[in-house]
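*Asks:* Before anything else, here's the structure in question.
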4 protein chains.
Amino acid sequence: MIVRMRQGAGEEEISGVVRILAEGGAHVQRSGRGEVLISADGGTERPLAVLAALPGVASVEPGSRVPAGRGTRELELAPGVTVGGRELFLVAGPCSAEGEEMLHAVAAAVAASGGRGLRAGAYKPRTSPYAFQGLGEEGLWMLRRAADAHGLLVVSEILDAGQLPLMAEICDVLQVGARNMHNTVLLRELGTARLPVLLKRGMAATVEEWIGAAEYVAAHGNPRVLLCERGIRTFETATRNTMDISAIPLLLGRSPFPVLADPSHGTGRRELVAPMARAALAAGADGLLVEIHPEPDRALSDGAQSLDLDGYREMVSSLRRVAGAVDREVPEPAAPEPAGA
Amino acid sequence: MIVRMRQGAGEEEISGVVRILAEGGAHVQRSGRGEVLISADGGTERPLAVLAALPGVASVEPGSRVPAGRGTRELELAPGVTVGGRELFLVAGPCSAEGEEMLHAVAAAVAASGGRGLRAGAYKPRTSPYAFQGLGEEGLWMLRRAADAHGLLVVSEILDAGQLPLMAEICDVLQVGARNMHNTVLLRELGTARLPVLLKRGMAATVEEWIGAAEYVAAHGNPRVLLCERGIRTFETATRNTMDISAIPLLLGRSPFPVLADPSHGTGRRELVAPMARAALAAGADGLLVEIHPEPDRALSDGAQSLDLDGYREMVSSLRRVAGAVDREVPEPAAPEPAGA
Amino acid sequence: MIVRMRQGAGEEEISGVVRILAEGGAHVQRSGRGEVLISADGGTERPLAVLAALPGVASVEPGSRVPAGRGTRELELAPGVTVGGRELFLVAGPCSAEGEEMLHAVAAAVAASGGRGLRAGAYKPRTSPYAFQGLGEEGLWMLRRAADAHGLLVVSEILDAGQLPLMAEICDVLQVGARNMHNTVLLRELGTARLPVLLKRGMAATVEEWIGAAEYVAAHGNPRVLLCERGIRTFETATRNTMDISAIPLLLGRSPFPVLADPSHGTGRRELVAPMARAALAAGADGLLVEIHPEPDRALSDGAQSLDLDGYREMVSSLRRVAGAVDREVPEPAAPEPAGA
Amino acid sequence: MIVRMRQGAGEEEISGVVRILAEGGAHVQRSGRGEVLISADGGTERPLAVLAALPGVASVEPGSRVPAGRGTRELELAPGVTVGGRELFLVAGPCSAEGEEMLHAVAAAVAASGGRGLRAGAYKPRTSPYAFQGLGEEGLWMLRRAADAHGLLVVSEILDAGQLPLMAEICDVLQVGARNMHNTVLLRELGTARLPVLLKRGMAATVEEWIGAAEYVAAHGNPRVLLCERGIRTFETATRNTMDISAIPLLLGRSPFPVLADPSHGTGRRELVAPMARAALAAGADGLLVEIHPEPDRALSDGAQSLDLDGYREMVSSLRRVAGAVDREVPEPAAPEPAGA
């Protein structure tokens, strides 16, 4: 339900209503400024009339979710680069930033296909203490140089709030991985950041919980959130995860955030990446995150799901056709690929 | 592994090998006629040399799965109607055959959009004894007449081997529902049928188990099996099932059977049917099974996931564009819609 | 909600109410005889007053589920053998009836520990056409002889309604396997049988669907249904299934049927059988179904989850202690084990 | 496999082997000191002989997992309080520390039943910005005072590495919640702590991943880890989670850490808490974590799964009997309950 507070309702009145709803077990949200709306989903049902009688309440209506206040899904990520409009936002790169040379090769391939973002991990969330942990700050700067040489944005995963100052200086978009979707401390900190946040779905998160996490970032001050479907965990073992393509149109209908898809983690199998990328676009995705590597079989991590550079080019060329069939387009490369790339 | 038997190996020798492999826990299959191949997946590993020494064995090779013996996925369902080739096989209809008039209206709409099959249930697998159980034989004949009036094939669900003689007389394709995918008695009987079998995925079946069920029908004599993805059961409650679009390209790579998709049961939500139908085609599906109803909100069952006839037309028109983008096509309507439809 | 019909309400009035509720998508049930109660769970909500105004309706109350009409869970399976009371009903045996001698050895061990039932499969629901399919009728008679020699009931799985006449002649309890829990044709037929039915949970069935299937058998005339938890399919691969112990107390609170547990299929791992059997009893189970084999490593099927006879004896002795701690007991062996067993 | 390094093998040789294994996708671990053992699970298989030829390698053997080096599961948490031995470690408390008085009432009830730990959240990981976020440091001190008054340990959840200094000063055991099981930054930091860590299972974590997370803490220097099963996410909606009781005996066999169970979050339903607590003990759990509240229906969070204080006493009294049946015991209360409690 939506509780609309009176003009001038005091903070005490507002938090009184919030508390009563939250105590009943509801998922409660309130709009940020001006007229205060409080939405409650779930929880103990209470007669609307009882709520309407609380101090400060103007009206109570059935319904749900406070609108995030943006009339469109389109979001500017950097001058000239948007997501959520007609142009698709394609981001690609290796799982890990492994070295300067390979990042340049990858960046060249991404830019040459009309991609707008270069993605690689500098900090890897490995539970095993002996797996490759990433190159850290050095990796981020490598990524920055490679992206700059080809006019791309840098997208990289943040693991901890402590990394925010450094990453905000170097990157253009901060990714929150599936394992951190419920990490409220990190989400809250990202609410204070001025960078867009690319929030992956937790591997056992419902669509509602995922939207809730995005709204949490927005409610803390940063509405520039992108969602990215990357598969959920099910009983099926033929794929690494089960990519929930239906989440894409669901999100487009229920939340104001642009929606990307990651068919690499979504399937874990190289041969499924292109068909699932096409499926995601056909279902309405605003962009893609794809793992590519110049030599996938020598990748330090996740090689089995990475396309090589030729495979990536072929895939994007098939995506152009599907995009056209759903009134979207893959951008043309900004300029001819520089000779030295 | 594949065990190749000698020409003229006796049945006793063959079953000796099969038994040894099966006792080790392997999933064992043998090819039907002529040269006998036995494939074993899983189970206790045994040295190839030991198996090669068994009576009647010609050779033993690593690898898996006896080929189903068809060089192409394309399958003729009726004169002039194929599935698995360039043309997509679109089937639509109401959940239940509810009456003569509505079936004619639906059949006209299906034919007018280039669909090739009319599907409705005459026997409904309801666990509740008081839910609508279907019209039975009467419903099948209604379906037949409506399909004939518009040049369509009849697709309907078989629940029990005892229904086979009647249904084989009336229908063109027999559907096995998700709840019966593991019903070996029914599958074995369908192995003796001369009709194509449309085998839906069980709601908790892995892709491998599903292929196994299709091969079971084939091994009993009927290789004309179509697979249909209809969603699996996961923790997500925003959709009725989680449609596993990645199963489509997986199946195309691993089995010789054409692959359809059912976005109606796959999602359970009307507004997701068209985007998921597009996604399925973009991922390579050979056709679709879609629930439509002249008045979805008055449907006796599954109205919430049914499109109305206008919605269906619009969806198919969007599908034509996506089909073109992946080198497939939705057939043109065979003839102008008859005046009386 | 519960709709209470007037004394003398006609069948047409009753089915009118049922139809209206079912059309709204509710799960509808009606009580068998005398005063007619109709319960509806789920579906479109309609004002109670509207329903109360329908012809033949006496009253409409919030609430759910028509009581099955038995004041107690206790059920007599055969003279002197009950389930659902203080005494636990222990059933054990090999996955398949493999031969006369081994069945006698198993039956002797079962009886010597206070077990009441001998279970083995004579028809095996294997999807692979070359796996061991069971000994069929011959196996059933072997089972009968072994059970009779040791005063045990015969429990065996029925795969198809066509097997009912033969199995009803030979067996004491008919098991419906997980793969057939949704097989309404089989369930309906078992509603006409005079034997108790042991209904295993489908591998992706919710507790509510499972109760619905049991009530379906009861509604067709056979209220003697036992439920058996055997694990559900989840993402966890360390066990064959995830045994849902919480289903046991849930069922005891929500349905009138006795509840057994099968820790062999529930876990698929021999070393987990005894601890999970203890857990099931501690949670309130009325009995157990356990796979045992004189030589598990030579079993034709499911050896990895079978206990040997000594392991079974040890387990039952630990169960006696746990049973005592929850006010239940494992029966004493009826008589000293016969010399010739 | 286990790779045994030569005495005196250099760090470079050791990390060379680790890197080769990790690149192949294996889960790699190495033992801490003295003779260096490297274990690799999964990943690309390589001939043992190839690995045996690497510099510094003494031998290569099939097998898995470097032993954690403790001969027993028993762990001293504080003077006189152990977990993993004959005595069960019972911890209880409200979801949130709500106030001084209620914490004293709860602590008195816990101590009076033989419990050893008082648990409550001071920081709550709520994704909704308007749900009750916990009392923070103030709540921790309240908890400390209530625990001290009744001779109990303080167990509370840490959400972020930044909270470690404060929490290490006030608490006795730090809980890592299900949402943070994969938070490697937090786990690494806890590896440096001198407090025991109670690591809950992630809601979609396999048993192997969970053990991996515990070993990650241990590998960073803190081997005092307790595991706590709290249910996994499945398709079943009748319970909040599906409590995987079989994980308890699995863990006892595969890892050196004590294992607790949380039937409150595991089920989300008050009436299932006691039967599931009994089941967990019968399956071998070393202790329990249970939510209790003086007035569950007025709890600020999770009231539906909380027992009241009388319910808790009754449950513990039933647990004493089950404990006895599996050769464990619930400790007696240390002393008569103080008058002022």
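The values are calculated or read from the model by the stated rules, or taken from the named source; none is laboratory data. Everything numeric in this text was worked out from a predicted model, so none of it was measured. Neighbour counts are summed over all protein chains in view; Cβ atoms, including those assigned to glycine, are modelled from backbone coordinates with ideal geometry.
*Asks:* Take the residues in the stretch B:271-289 that are of a type outside the set (A, V, I, L, M) and out of contact with any helix residue (DSSP H, G or I) (no Cβ under 6 Å at 6 or more places or on another chain); name whichever of them is nearest to the other protein chains (Cβ to nearest Cβ).
*Replies:* B:GLU271
*Asks:* Based on this model, can you work out whether A:ALA325 counts as in contact with a helix residue (DSSP H, G or I) (Cβ under 6 Å, 6 or more places away or on another chain), in contact (Cβ under 8 Å) with a residue 40 or more places away in the chain and small (Gly, Ala, Ser)? Steps first, answer last, please.
*Replies:* Working: in contact with a helix residue (DSSP H, G or I) (Cβ under 6 Å, 6 or more places away or on another chain): yes; in contact (Cβ under 8 Å) with a residue 40 or more places away in the chain: yes; small (Gly, Ala, Ser): yes.
So A:ALA325 passes the test.
*Asks:* State whether the residues of the stretch C:244-259 include one that is at positive phi and either in contact (Cβ under 8 Å) with a residue 60 or more places away in the chain or at the interface with another protein chain (Cβ under 10 Å from one of its Cβ atoms) (or both).
*Replies:* Among the residues of the stretch C:244-259, not one is at positive phi and either in contact (Cβ under 8 Å) with a residue 60 or more places away in the chain or at the interface with another protein chain (Cβ under 10 Å from one of its Cβ atoms) (or both), which makes the answer no.
Quick grid of which residues meet (1) modelled with pLDDT of 85 or more; (2) farther than 24 Å from B:ARG145 by Cβ:
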position: B:LEU51; (1), (2): no, yes
position: B:PRO55; (1), (2): no, yes
position: B:ARG65; (1), (2): no, yes
position: B:ARG70; (1), (2): no, yes
position: B:ARG73; (1), (2): yes, yes
position: B:ALA78; (1), (2): yes, no
position: B:GLY85; (1), (2): yes, yes
position: B:LEU88; (1), (2): yes, yes
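*Asks:* So which pairs qualify, if the first residue must be in the stretch C:137-148 and closer than 15 Å to C:LEU166 by Cα, the second must be of a type in the set (Val, Ile, Thr) and surrounded by fewer than 21 Cβ atoms within 10 Å (Cβ to Cβ), the Cβ gap must be under 7 Å, and the two must be at least 6 apart or on different chains?
*Replies:* C:LEU140/C:ILE170; C:TRP141/C:ILE170; C:ARG144/C:ILE170
*Asks:* Could you please let me know if C:LEU309 is buried (at least 24 other Cβ atoms within 10 Å of the Cβ), more than 9 Å from chain D (Cβ to nearest Cβ) and touching a residue at least 24 places away in the same chain (Cβ under 8 Å)?
*Replies:* no
*Asks:* Where residues in the stretch D:2-49 are in contact with a Ser or Thr (Cβ under 7 Å, 6 or more places away or on another chain) and not in a strand (DSSP E or B), which of them is modelled with the highest pLDDT?
*Replies:* Among those that are in contact with a Ser or Thr (Cβ under 7 Å, 6 or more places away or on another chain) and not in a strand (DSSP E or B), it is D:GLY24.
*Asks:* Quick check on the stretch B:290-299. Is at least one of its residues modelled with pLDDT of 95 or more, within 12 Å of another protein chain (Cβ to nearest Cβ) and either at negative phi or surrounded by 24 or more Cβ atoms within 10 Å (Cβ to Cβ) (or both)?
*Replies:* no
*Asks:* Mind listing whichever residues of the stretch D:182-202 are surrounded by fewer than 23 Cβ atoms within 10 Å (Cβ to Cβ) and in contact with a helix residue (DSSP H, G or I) (Cβ under 8 Å, 6 or more places away or on another chain)?
*Replies:* Those that are surrounded by fewer than 23 Cβ atoms within 10 Å (Cβ to Cβ) and in contact with a helix residue (DSSP H, G or I) (Cβ under 8 Å, 6 or more places away or on another chain): D:VAL185, D:ARG188, D:GLU189, D:GLY191, D:ALA193, D:ARG194, D:LEU195.
This table checks each residue for (1) of a type in the set (Lys, Arg); (2) surrounded by 24 or more Cβ atoms within 10 Å (Cβ to Cβ).
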position	(1), (2)
C:VAL81	no, no
C:ARG86	yes, no
C:ALA97	no, yes
C:GLY114	no, no
C:ARG119	yes, yes
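*Asks:* Applying the selection to the stretch D:312-331, what residues are more than 12 Å from chain C (Cβ to nearest Cβ) and among the acidic types (Asp, Glu)?
*Replies:* Listed by number, the residues that qualify are D:GLU314, D:GLU329.
*Asks:* Which residue, of C:ARG270, C:ARG188, C:ARG240, C:ARG233, is free of Cβ contacts under 8 Å to residues at least 60 places away in the same chain, of a type in the set (Lys, Arg) and touching a Gly at 6+ places or on another chain (Cβ under 9 Å)?
*Replies:* The match here is C:ARG270.
*Asks:* Mind telling me which of the residues B:ALA274, B:ALA282 ends up being farther than 30 Å from B:PRO223 by Cβ and over 18 Å from the mean Cα position of the chain (by Cα)?
*Replies:* Criteria check complete, one pass: B:ALA274.
*Asks:* Among the strands (runs of 3 or more DSSP E) confined wholly to the stretch D:129-236, which include 2 or more residues that are within 13 Å of chain A (Cβ to nearest Cβ)?
*Replies:* Where strands (runs of 3 or more DSSP E) fall fully within the stretch D:129-236 and carry at least 2 residues being within 13 Å of chain A (Cβ to nearest Cβ), they are D:197-200.
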